[in-house]
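Enquirer: Encoded as structure tokens, here's the structure I'll be asking about.
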Ligand code: NAP
């Protein structure tokens, strides 16, 4: 049994990125991320703090724009258009979720795909579907899962991969990225009949739902790689994933802890996307 250590692997990614940022600085290029935060959602504040720390570790510049909950869709779009045109910024991140009075798809659509470091625009999502060659600005969480699988040399080609959850930012793009790598992919969701019949077949089981205890040990194949993407807050304030970690630990070949698994990988891949965007904007291979 092996723990897939997202803290260790993300640390290595961040160190390499810091070297790359130093090299860019030598030619007077300073990767810079613009972060738009609306309201004071505690989870968003915590995610933003982790991203800001990663920027500090890698030398990526950070500027945050805070807005009250009652901001309109139009005002946000105005700000994004100004950031699109501002050459000092290479990445634009709108921290989700946005309040109900804001129409999120319209806001995301306003981001210049070249600066869309979250990989949420239709352009970058569409490109990602083509093949591994077009995943430059793929969404950070699926990218983080793929990096973990690569680091631990877990074979994806020819594997049975089951993804539970089909959101546009995690489940769907992750299914596509696994398919790009020649896994046989099954995507499950709330309407899937007999979830266990699918999860039991998985060599690679990725779970991104947001329901603690959804996946129990009897739903997992012996020796499987279990990637728990869920983040749930327990009553005592601590975090847990969507899988029954203690029982699955005894049976799986690999498992990600929560926290310390996919979370830090997501942040590292965001940093990677900022550096990639910076290089592409500046025509650096
Ligand atoms: P989401 O948009 O709420 O999507 C959840 C998905 O799970 C939906 O496709 C939903 O299907 C499906 N689902 C709900 N109940 C189910 C059930 N009983 N059986 C099978 N599928 C079910 O959430 P998300 O943004 O993808 O995030 C999912 C989880 O990952 C959350 O806990 C989130 O906090 C976490 N997350 C973690 C990271 C990280 O870096 N580790 C990053 C992003 C998100 P329907 O849409 O049909 O209801």
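Enquirer: Determine whether segment 63-84 contains at least one residue that is at pLDDT 95 or above and closer than 22 Å to residue 16 by Cα.
Expert: No, there is no match, as no residue in segment 63-84 is at pLDDT 95 or above and closer than 22 Å to residue 16 by Cα.
Enquirer: Of the numbered conditions (1) surrounded by 21 or more Cβ atoms within 10 Å (Cβ to Cβ); (2) within 15 Å of the ligand (Cβ to nearest atom); (3) under 18 Å from residue 224 (Cβ atoms), residue 139 fails exactly one; give the number of that condition.
Expert: Here residue 139 meets the rest and fails (3).
Enquirer: Still on this model: Condition test on residue 226, is it free of Cβ contacts under 8 Å to residues at least 60 places away in the same chain, under 23 Å from residue 154 (Cβ atoms), within 16 Å of the ligand (Cβ to nearest atom) and crowded, with 24+ Cβ neighbours inside 10 Å?
Expert: yes
Enquirer: Go through segment 247-274 and give me each residue that's over 25 Å from residue 43 (Cα atoms) and either within 14 Å of the chain's Cα centre (by Cα) or part of a helix (DSSP H, G or I) (or both).
Expert: Answer for segment 247-274, where residues must be over 25 Å from residue 43 (Cα atoms) and either within 14 Å of the chain's Cα centre (by Cα) or part of a helix (DSSP H, G or I) (or both): 247, 248, 249.
Enquirer: Quick check on segment 192-200. Is at least one of its residues within 9 Å of the ligand (Cβ to nearest atom) and part of a loop (DSSP other than H, G, I, E, B)?
Expert: Yes, segment 192-200 has at least one match.
Enquirer: Restricting attention to segment 158-188, which residues are more than 17 Å from residue 208 (Cβ to Cβ), touching a strand residue (DSSP E or B) at 6+ places or on another chain (Cβ under 6 Å) and in a loop (DSSP other than H, G, I, E, B)?
Expert: 159 - this is the single residue of segment 158-188 that is more than 17 Å from residue 208 (Cβ to Cβ), touching a strand residue (DSSP E or B) at 6+ places or on another chain (Cβ under 6 Å) and in a loop (DSSP other than H, G, I, E, B).
Enquirer: If I filter segment 168-182 down to residues being within 15 Å of the ligand (Cβ to nearest atom) and more than 15 Å from residue 227 (Cβ to Cβ), which single residue comes out as surrounded by the most Cβ atoms within 10 Å (Cβ to Cβ)?
Expert: This residue is 176.
Enquirer: Can you tell me which of (1) near the ligand (Cβ under 10 Å from one of its atoms); (2) part of a loop (DSSP other than H, G, I, E, B) is the one residue 155 doesn't meet?
Expert: If we test residue 155 against (1) near the ligand (Cβ under 10 Å from one of its atoms); (2) part of a loop (DSSP other than H, G, I, E, B), just (1) comes out false.
Enquirer: Let me ask you something else. For residues that are without any contact (Cβ under 8 Å) to a residue 60 or more places away in the chain and touching a strand residue (DSSP E or B) at 6+ places or on another chain (Cβ under 9 Å), scanning just segment 252-285, find the one that is nearest to residue 11 (Cα to Cα).
Expert: 259
Enquirer: Of the conditions (1) assigned to a loop (DSSP other than H, G, I, E, B); (2) closer than 28 Å to residue 246 by Cβ, residue 150 clears all except one; give me its number.
Expert: (1)
Enquirer: Under 8 Å between Cβ atoms, which residue pairs at least 6 apart in sequence (or on different chains) link something in segment 12-27 that is within 11 Å of residue 58 (Cβ to Cβ) with a partner that is surrounded by fewer than 20 Cβ atoms within 10 Å (Cβ to Cβ) and modelled with pLDDT under 95?
Expert: Matching pairs, first to second residue: none at all.
Enquirer: What is the residue count in segment 93-114 for residues that are in contact (Cβ under 8 Å) with a residue 60 or more places away in the chain, part of a helix (DSSP H, G or I) and over 27 Å from residue 178 (Cβ atoms)?
Expert: Residues that pass the stated criteria total 0.
Enquirer: Could you list, in sequence order, the residues of segment 230-244 that are near the ligand (Cβ under 8 Å from one of its atoms) and either more than 9 Å from residue 212 (Cβ to Cβ) or over 18 Å from the mean Cα position of the chain (by Cα) (or both)?
Expert: Correct list: 231 only.
Enquirer: Of (1) within 15 Å of the ligand (Cβ to nearest atom); (2) under 24 Å from residue 143 (Cα atoms), residue 253 satisfies all except one. Which?
Expert: For residue 253, the failing item is (1).
Enquirer: Given the criterion modelled with pLDDT of 95 or more, more than 12 Å from the ligand (Cβ to nearest atom) and over 13 Å from the mean Cα position of the chain (by Cα), identify the matching residue among 209, 163, 185.
Expert: Criteria check complete, one pass: 185.
Enquirer: Being at pLDDT 95 or above, within 17 Å of the chain's Cα centre (by Cα) and on the phi < 0 side of the Ramachandran plot: is that true of residue 92 here?
Expert: Yes; evaluated as a whole, the condition is true for this residue.
The values are calculated or read from the model by the stated rules, or taken from the named source; none is laboratory data. Only a predicted model underlies this, so the values are computations on that prediction, with no experimental measurement involved. Cβ sites come from the backbone with ideal geometry, for glycine too, and all protein chains shown count toward neighbours.
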